[in-house]
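The values are calculated or read from the model by the stated rules, or taken from the named source; none is laboratory data. Everything numeric here is computed off the predicted structure, so don't read it as measured data. With ideal geometry, Cβ positions are generated from the backbone for all residues, glycine too; neighbour counts draw on all protein chains shown. With ligands, DNA and RNA removed, areas are computed over all heavy atoms of the protein, side chains included. Shrake-Rupley method; radii C 1.70, N 1.55, O 1.52, S 1.80 Å.
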Amino acid sequence: MSKNKKKDDKFSFGKAMKITLRGYGIWWKVNPKILLSPLFCAVVDGLSPYVGIYLSARIINELAGTRDAHTLTILVLAALISAAVLTMSSVGLHRWQNCQDRSWWYLHEKIISDKLLSLDFDKIDDPHTHDLLSRITQNVQSVGWGLPKLIWSLGPIVKTVMTVIGAITLTISLFTLSVPAGNRLTILNNPLFIALIIAVMLVITFIAPVLSNKAGIYWYKYTETIKTGDRFFGFFMGRMSEHSRSLDVRMYRQDIFTQSVSAKQDYVQPDSLIAKWAKGRMGGLYALSGAVTQIFTGAAYIFVCLKALGGAFGIGSITQYIASITALSGGISALISNIGDLRNNAPFLKTTFEFLDIPNAMYQGSLTTEKRSDKKYEIEFRNVGFKYLSSEDYALRNVSLKFNIGQRLAVVGQNGSGKTTFIKLLCRLYDPTEGEILLNGIDIRKYDYLQYMDIFSVVFQDFKLLSFSLGQNIAAAAKYNSGKAADCLIKVGFGERLRTMSKSLETCLYKDFEEDGVEISGGEVQKIALARALYKDAPFIILDEPTAALDPIAEFEVYSKMDEIAGDKTAVFISHRLSSCRFCQDIAVFHEGKLIQRGSHDALISDENGKYHELWNAQAQYYQENNETDNINAAIGI
């Protein structure tokens, strides 16, 4: 590791506190109660013991002194009432805190999700973004480092501050009360001796947490060591339990899971690196910290007992001073230790803020993109080229084409030819690396970004449905127009299935949230996705190989049905199977990132030297070998 890298990894106290305060600002913005609840609990918990300590000392002194019944009655009642009030307050506040604490994970996910939703799509695709997200997840799941650490540290810090304040209040008189003259212990009254005692106690008090914090740094070092292992376990403990993976996990669980876990679990074994550190320097630092703390406790007992022996105060005050000075030391040590934890947490916060601070470079535009009633839209690609951030090669190069409203455009080509990239550029998920895309003669970058996206309904190959109600999946929203949603389902051929559902559109898909949720077949999933595209009622409908898992006949039937449903809308159909889009009068052929042919099926197939002719015959030969040619030809009308 370079010297500059090591320097970057070190956080000064000021820098660590600055980044920590920013983290608390984020939590305050998301939900102030998640900070207020531990704060109030800490204030009550930190000060409560001193009320009892003070009143107990007064009661003991009174019993050892005049034993006035009236005074004793008042003190006892005050002790009982204050204990009852403080206990009830503490219980109520902790209940409130527990309710708020249960939301931290969801709020943290919201912080991350909100940023993802606001990011330029190319930044989401950037491997660096994925690396940051993986590290954030790893840090949170391991020991709760990062933003969650701030919540869990707030209560202890405030409590230790209250502990220190209360202890100082009850300890001051220990040093101000004098041993009566004529006693050989009057040396305890000497200001220099008192200053020396205070200095020794403070040094011991500060040494303990410093040692503990130095030991805690090893955990930060260890997170880098186990980064790969943590990601591995995060995958197997999370992703492997997903419903979509259940069949593979069941069939290959011994090879994929058991053996792989055994190969990666060395970092949680007794002979792991952290275990060796615990047996060595790290463990030694923790042990030394504990020993220093006990030295302080012994010194405090000796000093208090000597002053009591000299007659500076009564026996009841001994309990007060022993308890308060011990609490003072423990409070200061805990405060330093907690602040040290925040400092150790700063590098993890840096990772989170590196993600949250990813800038958006895509120009959002300001021109209005309205859903025109006449649906007159013209799209034009002019010498468009594009390459992904992680690649030096162009995914598309010198693509120029134009298509109008109501047109049926088929985009075909082999896998990896640039078809999906073409659609992502059309929908402005990416901006071109070179060239421009025009809508009605205007560069699409000048249009309001969200309004421009609203003119497209897209069903991608890897589309997803959520474990919410059928109607919500159709509308992609919590509230929806039930009549419109049902009509869209009927149009795509889901009407019969809808009638069998007892809750109709309120039927929950899958069983993640509802016991009576329904499992739906692959074909039904695709129909729901198509209905969702229709529900949006956008001028452009795009099907980007959502039926790739179906056989060619089924895919052709789906595309043909969508051709009928689309009506006067512009429809773009993408497939690597040329037969599925034969009904389109305009076919664009992509190959190795370039638009190499365009025309009708008849025109393209007649060009025996063209790529379309080559692909068509290659695919026809494949189906012929599988005895499907007659069925395919019958389906597509050959």
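Within segment 553-586, the set of residues being part of a strand (DSSP E or B) and either charged (D, E, K, R) or in contact with a helix residue (DSSP H, G or I) (Cβ under 9 Å, 6 or more places away or on another chain) (or both) comprises Ala571, Val572, Phe573, Ile574, Ser575, Asp586. Cβ-Cβ distances below 7 Å connect the following pairs, each with a first residue in segment 159-175 that is in contact (Cβ under 8 Å) with a residue 12 or more places away in the chain, a second residue that is crowded, with 22+ Cβ neighbours inside 10 Å and of a type in the set (Ser, Thr, Tyr), and a separation of six or more residues or different chains: Ala167/Ser324; Leu170/Ser324; Thr171/Tyr321; Thr171/Ser324; Leu174/Tyr321.
State all residues of segment 3-24 that are assigned to a helix (DSSP H, G or I), modelled with pLDDT under 80 and polar (S, T, N, Q); if no residue qualifies, say none. Before the answer, list the steps.
Taking segment 3-24 and keeping what is assigned to a helix (DSSP H, G or I), we get 3-9, 13-24.
The next check asks that each one be modelled with pLDDT under 80; those that pass are 3-9, 13.
Result: Asn4, single match.
The criterion of being open to solvent by less than 40 Å² (accessible area, probe 1.4 Å), at pLDDT 85 or above, touching a Gly at 6+ places or on another chain (Cβ under 7 Å) and farther than 26 Å from Thr570 by Cα holds for Leu505. Remark: pairs (first residue in segment 429-443, open to solvent by 20 Å² or more (accessible area, probe 1.4 Å); second residue of a type in the set (Ser, Thr, Tyr); Cβ separation under 7 Å; 6+ apart in sequence or on different chains) = Asn440/Tyr377.
Whenever a residue of segment 589-600 is in a strand (DSSP E or B), its partners that are among the hydroxyl-bearing types (Ser, Thr, Tyr), lying with C-beta atoms within less than 7 angstrom and at least six residues away or across chains, give the pairs Val589/Tyr612; Phe590/Ser417; His591/Ser417; Gln597/Tyr612. Residues that are of a type in the set (Asp, Glu) and open to solvent by 60 Å² or more (accessible area, probe 1.4 Å) within segment 444-472 comprise Asp454, Asp462, listed in sequence order.
Among residues of segment 348-367 that are free of Cβ contacts under 8 Å to residues at least 24 places away in the same chain, those with a Cβ under 9 angstrom from a residue that is of a type outside the set (Asp, Glu), sequence gap 6+ or separate chain, pair up as Pro359/Lys123. When segment 563-578 is examined, which residues are found to be open to solvent by 10 Å² or more (accessible area, probe 1.4 Å) and either in contact with a strand residue (DSSP E or B) (Cβ under 9 Å, 6 or more places away or on another chain) or modelled with pLDDT under 75 (or both)? Residues satisfying the conditions are Asp563, Ile565, Lys569, His576, Arg577.
Thr171 passes every criterion in (1) of a type outside the set (A, V, I, L, M); (2) modelled with pLDDT of 85 or more; (3) open to solvent by less than 20 Å² (accessible area, probe 1.4 Å) apart from (2). Looking across segment 529-562 at every residue that is in contact with a strand residue (DSSP E or B) (Cβ under 6 Å, 6 or more places away or on another chain) and charged (D, E, K, R), the one that is nearest to Ala476 (Cα to Cα) is identified as Lys536. Restricted to segment 354-449, the set of strands (runs of 3 or more DSSP E) holding at least 1 residues that are modelled with pLDDT of 90 or more and either polar (S, T, N, Q) or more than 30 Å from Ile26 (Cα to Cα) (or both) comprises 378-386, 396-404, 434-439.
The number of residues in segment 575-617 being under 20 Å from Asn398 (Cβ atoms) and of a type in the set (A, V, I, L, M) comes to 6.
Restricting segment 37-58 to residues that are over 13 Å from Ser90 (Cβ atoms) and touching a residue at least 60 places away in the same chain (Cβ under 8 Å), which is most open to solvent (accessible area, probe 1.4 Å)? So that I can check it myself, show each step before the final result.
First pass over segment 37-58, keeping only residues over 13 Å from Ser90 (Cβ atoms): 39, 50, 53-58.
Right, trim to touching a residue at least 60 places away in the same chain (Cβ under 8 Å) and you get 39, 50, 53-54, 56-58.
Details: Leu39: 59, Tyr50: 19, Ile53: 35, Tyr54: 100, Ser56: 57, Ala57: 0, Arg58: 59 Å².
For segment 37-58, the residue satisfying everything is Tyr54.
Before we move on, is Leu80 in contact (Cβ under 8 Å) with a residue 60 or more places away in the chain, open to solvent by 70 Å² or more (accessible area, probe 1.4 Å) and within 30 Å of Ser173 (Cα to Cα)? For Leu80, the condition - in contact (Cβ under 8 Å) with a residue 60 or more places away in the chain, open to solvent by 70 Å² or more (accessible area, probe 1.4 Å) and within 30 Å of Ser173 (Cα to Cα) - is not met. Is there a residue being part of a strand (DSSP E or B) and at negative phi anywhere in segment 498-512? Yes, segment 498-512 contains a residue that is part of a strand (DSSP E or B) and at negative phi.
I'm checking my understanding of the structure. Among residues of segment 521-550 that are assigned to a loop (DSSP other than H, G, I, E, B) and free of Cβ contacts under 8 Å to residues at least 40 places away in the same chain, which one is most open to solvent (accessible area, probe 1.4 Å)? By that ranking, first place goes to Ala549.
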